[in-house]
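Student: What follows is a single structure, and I will ask about it in a moment.
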Amino acid sequence: MSMNIHRWCATTTAVLLLAGCGGAESDSTTGKAAALTKDQVRRTLPDGQAMPGWKKSARPTAVKMDKLYRSQACPIKDRAGCENSRFFGASTFRREDPLSEVTFLIVAYDSEQAAQDAYDVLWDGYYGDRVGQKPKPLALGPIGDERDARLGSAGFRGEPGAVTQIRVGTTLLWTMESAAHEGDLDKDTIRDLATMLAKRSQQAQNGNTPSATLGD
């Protein structure tokens with residue numbers, strides 16, 4: 001059995017290119033804002049140890065932002081939202097039971113203001129529409145400095161999909177998930193994946209090695 005993840009084709013392309021070349025705040029996902037290095041972006045992306053029960057489909061990879069990667073990270077007019085971005089990172093994991101996939105994306109900016117300026121541009125202009133038909137808002141709770149999420153039908157046959165966008169300091173973070181059958185995307189898991197990525201970004205900006213894992 002295979003999943004139809006046509007709606008995520010742009011994201012998958014970004015991962016392959018990389019591999020081949022508001023509300024109340026939470027102390028664990030907000031704090032110091034610091035510009036990340038390329039290595040810190042790579043380490044922020046979850047690895048196999050951070051994702052029990054999931055297998056890597058595309059290894060965590062970070063690259064210096066350039067014209068090609070701006071077209072992947074910010075695929076809207078004039079590559080809006082990528083101004084003052086420094087690095088782009090992505091990784092993908094797959095789970096067999098229930099059959100589902102999640103892609104993690106990071107854009108690291110040179111300042112908190114640059115990330116804040118890009119937030120609405122990218123959510124309204126691209127990422128907020130990545131869940132297909134009749135998307136519904138999904139409450140994430142107090143994660144990061146800004147956050148949005150939607151749950152909808154991402155595939156041709158109504159397969160469920162979800163997207164989250166979170167700003168943590170100088171970074172914008174996304175999780176993009178798809179599953180084979182209706183009901184296979186658990187809202188708690190969507191929140192847990194987004195929270196883990198936010199925690200890892202904050203740990204990196206605090207100058208620590210990202211260590212948050214799924215279920216922390």
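Student: With viscosity set to 1.002 mPa s and temperature to 20 °C, compute the Stokes-Einstein D of the range 21-94, Rh being the Kirkwood radius across alpha carbon pairs; µm²/s, no decimals.
Tutor: Numbers: Rh = 14.3 Å.
Rounded to a whole number, D works out at 150 µm²/s.
Student: Counting only protein chains, not ligands or nucleic acids, how are THR213, THR170 ordered by accessible area (probe 1.4 Å), most first? Show your work: numbers first, answer last.
Tutor: Numbers: THR213 40, THR170 5 Å².
If we order THR213, THR170 from most to least accessible, we get THR213, THR170.
Student: Pull up the cross-link candidates among the aspartates and glutamates for LYS56, meaning alpha carbon to alpha carbon under 18 Å and not fewer than 8 places away within one chain.
Tutor: The qualifying aspartates and glutamates are ASP47, GLU96, ASP97, GLU101, GLU177, ASP192.
Student: Right, something else. Taking all pairs of different Cα atoms in the chain, averaging 1/r and flipping that mean, what Kirkwood radius in angstroms comes out? Don't jump to the answer; show the numbers that get you there.
Tutor: Values: mean 1/r = 0.0598 Å⁻¹.
Hydrodynamic radius (Kirkwood, Cα only) of the chain equals 16.7 Å.
Student: Another question about this same structure. Compare THR37, THR164, THR195 by solvent-accessible area with a 1.4 Å probe and give them largest first, with all protein chains kept in place.
Tutor: Working: THR37 65, THR164 0, THR195 35 Å².
The residues order as THR37, THR195, THR164, largest area first.
Student: For the range 89-216, report the translational diffusion coefficient in µm²/s to the nearest whole number, using Stokes-Einstein at 4 °C, 1.567 mPa s, and a Kirkwood Rh over Cα pairs. Can you show the working numbers first?
Tutor: Details: Rh = 14.8 Å.
D = 88 µm²/s.
Student: Given the peptides 51-59, 128-136, arrange them by the average over their residues of other C-beta atoms within 10 Å, most packed first.
Tutor: Details: 51-59: 14.9, 128-136: 16.4.
Final packing ranking: 128-136, 51-59.
Student: Test of the criteria: in the range 116-216, which GluC sites (Glu not before Pro) are in a DSSP loop and have at most 16 other Cβ atoms within 10 angstrom of their Cβ? Could the numbers behind the result be given before it?
Tutor: Values: sites: GLU146, GLU177, GLU182; in loops: GLU182.
Answer in residue order: GLU182.
Student: Heavy atoms of the protein only, probe of 1.4 Å, neighbouring chains included. What is the accessible area of LEU68 in Å², nearest 10?
Tutor: For LEU68, solvent-accessible area is about 80 Å².
Student: Same structure again: Just tell me which lysines come within less than 18 Å, Cα to Cα, of LYS77; anything on the same chain fewer than 8 places away is out.
Tutor: Within the straight-line cut-off, LYS77 pairs with LYS67.
Student: Sticking with this structure for a sec: Give the calculated FRET efficiency between SER71 and ASP47 to the nearest 0.05, with a Förster radius of 35 Å applied to their Cβ-Cβ distance. Write down the numbers at each step before the final one.
Tutor: Working: r = 27 Å, r/R0 = 0.76.
Computed FRET efficiency for SER71 and ASP47: 0.85.
Student: If R0 is 22 Å, what FRET efficiency do you get for ARG59 and ASN208 from their C-beta distance, rounded to 0.05?
Tutor: On the way: r = 22 Å, r/R0 = 1.00.
Computed FRET efficiency for ARG59 and ASN208 comes out at 0.50.
Student: By how many nm would the segment from ASP97 to LYS32 lengthen if fully extended, with 0.36 nm per residue of separation less the alpha-carbon distance? Don't skip to the end; give the middle numbers.
Tutor: Working: separation 65, 0.36 × 65 = 23.40 nm, distance 3.72 nm.
Contour length minus the Cα-Cα distance gives 19.7 nm.
Student: Rounded to the nearest 10 Å², what accessible area does ARG200 have for a 1.4 Å probe in the complete protein model?
Tutor: Here the residue's solvent-accessible area equals roughly 10 Å².
Student: What value, in deg cm²/dmol to 500, does the helix sum -39500 (n - 2.57) over DSSP H runs of n ≥ 4 give at 222 nm once divided by the residues of the chain? It would help to have the intermediate numbers written out before the result.
Tutor: Working: 5 runs with 59 residues, N = 216.
Mean residue ellipticity at 222 nm (helix-derived): -8500 deg cm²/dmol.
Student: Could you check the simple spin-label distance between ASP129 and SER111, using points 7 Å along Cα→Cβ, in nm with one decimal?
Tutor: Distance between the two pseudo-spin positions: 3.0 nm.
The values are calculated or read from the model by the stated rules, or taken from the named source; none is laboratory data. On a predicted model such as this, the values are computed, not experimentally measured, just so you know. With ideal geometry, Cβ positions are generated from the backbone for all residues, glycine too; neighbour counts draw on all protein chains shown. For accessibility, only protein heavy atoms count, side chains too; no ligands or nucleic acids. Shrake-Rupley method; radii C 1.70, N 1.55, O 1.52, S 1.80 Å.
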